[in-house]
Structures are given as C-alpha cells and as structure tokens.
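In what follows, a structure is listed as structure tokens, so that the remarks can point back to it.
The values are calculated or read from the model by the stated rules, or taken from the named source; none is laboratory data. Here the structure is a predicted model, which means the values were calculated and not measured. Here the Cβ positions follow ideal geometry from the backbone for every residue, glycine too, while neighbour counts run over all protein chains shown.
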Amino acid sequence: MRTIVFASALLLVGGFTQAIAQEPDQLACDPNDTATPVPASEVIAATVCVASGSGWEGQEYHVVGGELWDFKGGNDPANKSEPVGTWTNAGNQFTYNYGGTEYVTLYCRRSNDSIYFVNSAGRKQDVTFVAAGSGC
C-alpha cells in the first residue's frame, strides 16, 4: 500500500513540476544573450519577419485590435494577404491563436539590437520587425 501511495504522490508531483515549467509566465529572454524583452508597443501594428533559409517562413502583420495577417506583397490574387489567426498581449508577452493552436511568445532584443523570440513550444528564432503592412 505504501508503494502505491508513494508512486501516486511521485506522479502527481512530477506532473505538477512539468505543468509549472510550461506556464506561459515562465518565458524569459536568454540570459546568455544579455537580452531584454521588446516592449509590446514595438510589435503592435508591425510585421514580424521570420527568416527561413533564403526566404521567409512567416511575415505576420499584427493588425491593431488583434487580427494576425499573413502578409503577401504584390498583386497576385492567388497569393494575397489574408488573416491567419489572432493575437493578444499581456505586458510584453503575446498569445497567438492559429485556429485552435495557441503559442505564447516573448520577443527579446540582444545588446547588438538583433531580435529573436522564445515561445511556449520551446522555440527560439531570430526575427526582424518592419513597418505596418510592409513586406519583409
């Protein structure tokens, strides 16, 4: 009986510890980067450019009010800008919802002025910001 109670308590504590590690408010800039959080005011109404190889993985325009658009430049009607989700922020952290999949993200500025994000999925990625509605 003691073994079962101990094992149950161990599983409960282990699950609780894992839940704490995944809480969104635990996001922080990497201390090895001497980075600080980017103020939310710099993200709102900007296009966040996420690089991928020689192209762009994402060009996400943060529309004031909470819409998130995949920005596409040019006049190609088959490849036009469109909404892909929503965003909200609490302080400097942003919560993105892509039709049910949700990520909490913190943008961080290094001492050399480069920017990256960390998110609740454990991802760290360099990004740049451009003016609202502009392409990367």
- Scanning the range 36-82 residue by residue, those more than 13 Å from residue 131 (Cβ to Cβ) and touching a Leu at 6+ places or on another chain (Cβ under 7 Å) turn out to be 37, 60
- Does residue 78 count as within 27 Å of residue 32 (Cβ to Cβ), outside any strand (DSSP E or B) and hydrophobic (A, V, I, L, M, F, W, C)? no
- Message: Between 133, 122, 73, which is in a loop (DSSP other than H, G, I, E, B), under 11 Å from the mean Cα position of the chain (by Cα) and at pLDDT below 95?
- Response: 122
- Query: What tally of residues in the range 36-69 results from selecting those that are among the polar types (S, T, N, Q) and touching a residue at least 24 places away in the same chain (Cβ under 8 Å)?
  - Reply: 3
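Quick check on this structure: which one of 72, 80 is in contact (Cβ under 8 Å) with a residue 40 or more places away in the chain, among the basic types (Lys, Arg) and either at negative phi or loosely packed, with under 12 Cβ neighbours inside 10 Å (or both)? Talk me through it step by step, then tell me what you get.
On the way: 80 fails: in contact (Cβ under 8 Å) with a residue 40 or more places away in the chain.
After applying the criteria, what remains is 72.
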